[in-house]
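Asks: Sharing a structure here in structure tokens format.
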Amino acid sequence: HNRFSFAICGHPGDWRKANTIRQAAAFNQPIIAFESRPFDGNMGRTFSFVSVNSEQVIVRALKKAENSNEIIIRLQESQGKEASGVRIKFPLRILSAREVNGVEEPLRRISLSDTTLVLNFKPYQPRTIALILAASVEKVSPAQSIDLGLDYNLDAISPDDNKSDGNIIDGKTIPS
């Protein structure tokens, strides 16, 4: 079974005013709700690890660097217009920041301003930044998880002349 989804989002004006890129991201990557234990720290009722002050610039990824302890943030201008003075704010002081390419090789240093980066973007420009943040004074218990037994090694594809040599769903396979 193949499943796909699509959405139609009516709006006045052009696609930029309707925030179509953000609407698509919300549709394709819905928020997943989960329950957590109450935290007695002093961070308040809400907490954001990163915020961007421009509707034009979106965060594409936030992850640990592949070969260092840096944090990687991938950003992109999404409306096809220059964006200057975009402020990317973190909850902790930024100790170092450098721009890297898509495979995290260094390009250039970025000047710092406490907890905020200020960047300029060309139309549709992606930018990848490697950061080191100051250590947090808040200590949180590590997250706990459990392993799920999932079958990943299914025979899912077969030649047309032998459609039943595998079993992905009800004894059938995807034709190769």
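The values are calculated or read from the model by the stated rules, or taken from the named source; none is laboratory data. None of the values given here were measured: they were computed from a predicted structure. Every residue, glycine among them, receives a Cβ derived from its backbone with ideal geometry; neighbour counts consider all protein chains shown. Remember, those area values only see protein heavy atoms, side chains included, never the ligands or the DNA or RNA. Shrake-Rupley method; radii C 1.70, N 1.55, O 1.52, S 1.80 Å.
Asks: Please work out the average accessible area per residue across region 15-135, using the 1.4 Å probe convention, and give it in Å².
Replies: 68 Å²
Asks: Could you work out which residue, out of 157, 21, 31, moves most in a Gaussian network model of the chain, that is, has the largest mean-square fluctuation with Cα springs under 10 Å?
Replies: Comparing 157, 21, 31 in a Gaussian network model of the chain, the most mobile one is 157.
Asks: For the pairs 63/122; 64/122; 17/63; 63/163, flag any whose C-alpha to C-alpha distance is greater than 32 Å.
Replies: Violating the 32 Å limit, Cα to Cα: 63/163.
Asks: Can you send over the solvent-accessible area of residue 81, 1.4 Å probe, protein chains only, in Å² to the nearest 10?
Replies: 90 Å²
Asks: If you roll a 1.4 Å probe over region 1-105 with all protein chains in place, what percent of the accessible area is carbon or sulfur?
Replies: The computed percentage sits at 51.
Asks: Return the calculated 222 nm mean residue ellipticity for the chain, to the nearest 500 deg cm²/dmol, obtained by summing -39500 (n - 2.57) across DSSP H runs with n ≥ 4 and dividing by the residue count.
Replies: -1500 deg cm²/dmol
Asks: Of 108, 87, 127, which is the most mobile in a GNM of the chain whose springs link Cα atoms less than 10 angstrom apart?
Replies: Top of the fluctuation ranking is 108.
Asks: Kindly state, to the nearest 0.05, the FRET efficiency for residue 45 paired with residue 93, given R0 = 35 Å and r defined as their beta-carbon distance.
Replies: It comes to 0.95.
Asks: What does the C-alpha gyration tensor say about the overall shape of region 100-151? Classify as rounded when a/c is under 1.5, otherwise prolate if a/b is larger than b/c, or oblate.
Replies: oblate
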